[in-house]
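Read through the structure below, which is laid out as structure tokens, and then see the notes.
The values are calculated or read from the model by the stated rules, or taken from the named source; none is laboratory data. Quick caveat: nothing in here was measured; it's all calculated off a predicted structure. Every residue, glycine among them, receives a Cβ derived from its backbone with ideal geometry; neighbour counts consider all protein chains shown. Each accessible area value is taken on the protein alone, full model and side chains, heavy atoms only, with ligands, DNA and RNA left out. Shrake-Rupley method; radii C 1.70, N 1.55, O 1.52, S 1.80 Å.
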Amino acid sequence: MSNKGSNDVTIKLDSRLLYGLIALLAVAGIFAIGLWIGNYMQGDSAAPVAAPPAAPADAGAALTGASDITIGTPAPAADLGAGGAPAGAASSSPVHTDQVKVGDAEPRLWIPEAGAANWRVDLGQIPADKATEKDFQIENIGTAELVIEDTSASCGCTAAHIGESNLAPGAKTTLRVSYDPRVNQEFGRFVQKQIRVKSNDPLVPLAEFTITADVASQ
């Protein structure tokens with residue numbers, strides 16, 4: 001009978017150990033599930049939220065005045081800036097009053113000969129052993145003083161010199177352009193050079209036109 005009692009005690013001790021292990025595993029499982037749920041919830045909250053689509057630009061928003069315009073198909077009236085020029089457009093050619101009317105107190109630069117030739121003036125056949133000069137007339141067809149700030153050319157072989165820098169409305173001055181083929185040894189070639197005039201014309205502050213020529217061979 002003493003042996004039977006010791007066996008009972010052993011069985012009870014083994015059962016307590018088994019139940020303890022089961023309880024420990026259950027707690028660990030619950031803890032793991034809770035940790036996973038917490039991480040999942042945190043991941044959802046940290047996910048970036050898509051920004052709402054941008055509202056379409058208001059067609060009635062105020063338009064800023066443009067410094068340049070493009071000559072070509074007329075822009076819709078809603079896109080016109082100060083002086084009737086298309087806002088945000090760009091052009092290097094002067095703009096005549098027949099294309100865009102002049103506003104109050106607005107200077108406007110114009111070069112009649114270049115404008116009549118679509119801003120590309122051909123000097124024809126020129127000699128190779130000396131510089132060739134040509135005078136262009138610049139007019140202020142605006143309603144305020146035109147200030148010519150600078151004149152330049154696309155290369156060192158070409159120069160542009162202005163007579164008067166300040167022109168009252170209706171006044172004119174001379175732009176003398178000189179090209180020397182000896183500078184770049186451009187003999188027997190067809191050449192084209194750009195002439196630029198910087199002014200306070202609000203539509204085209206940097207006007208540009210092209211001269212072309214056939215340089216004789218040496």
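Taking 0.36 nm per residue of separation and subtracting the current Cα-Cα distance, fully stretching the chain between S154 and H96 would add 18.5 nm. A 1.4 Å probe run over the range 98-218, with the rest of the protein chains in place, finds 49 Å² accessible per residue. At a Förster distance of 25 Å, what's the computed FRET efficiency of A171 paired with A116, Cβ-Cβ distance as r, to 0.05? With R0 = 25 Å, the Cβ-Cβ based efficiency is 0.80. A protection proxy built from the mean count of other Cβ atoms within 10 Å ranks the segments 122-133, 171-182, most packed first, as 171-182, 122-133.
The string of couplings for the range 142-152 from the Karplus curve (6.51, -1.76, 1.60, θ = phi - 60°) is x, 10, 9, 4, 9, 10, 8, 8, 6, 10, 8 Hz, one whole number per residue in order, with x for Gly and Pro.
Remark on R108: its backbone amide H falls under 5 Å from those of I141, G142, T143, A144, a criterion applied only to residues 5 or more positions apart or on other chains, H modelled at 1.01 Å from N. Its Cα centre serving as origin, the range 113-218 has a Cβ charge dipole (Lys and Arg +1, Asp and Glu -1) of approximately 240 debye. For Q137, the residues whose modelled amide H falls within less than 5 Å of its own, excluding neighbours fewer than 5 places apart on the same chain, are E113, L175. Note on the range 117-203: semi-axes of the ellipsoid equivalent to its C-alpha gyration tensor, largest first and rounded to whole Å, are 28, 12, 11. Gain on full extension, evaluated as 0.36 nm per residue between L206 and A105 minus their Cα-Cα distance, stands at 34.5 nm.
Taking the average, over residues, of other Cβ atoms within 10 Å as the packing measure, peptides 153-164, 195-206, 99-110 rank 195-206, 99-110, 153-164 from highest down.
Here the 3J(HN,Hα) profile of the range 116-133, calculated from phi with Karplus coefficients 6.51, -1.76 and 1.60 at θ = phi - 60°, is 5, 9, 6, 6, 9, 9, 9, 8, x, 7, 10, x, 8, 9, 7, 7, 10, 10 Hz, Gly and Pro shown as x. Given their separation in residues at 0.36 nm each and the Cα-Cα distance between them, E145 and E164 gain 5.6 nm when the chain is fully extended. Looking at the P(r) of the range 115-165, how many percent of alpha-carbon pairs lie beyond 15 Å? Above the 15 Å cut-off, the range 115-165 has 63 percent of its Cα pairs. For the residue pairs K101/K198; K101/K134; K134/K172, the alpha carbons lie more than 18 Å apart in K101/K198; K101/K134.
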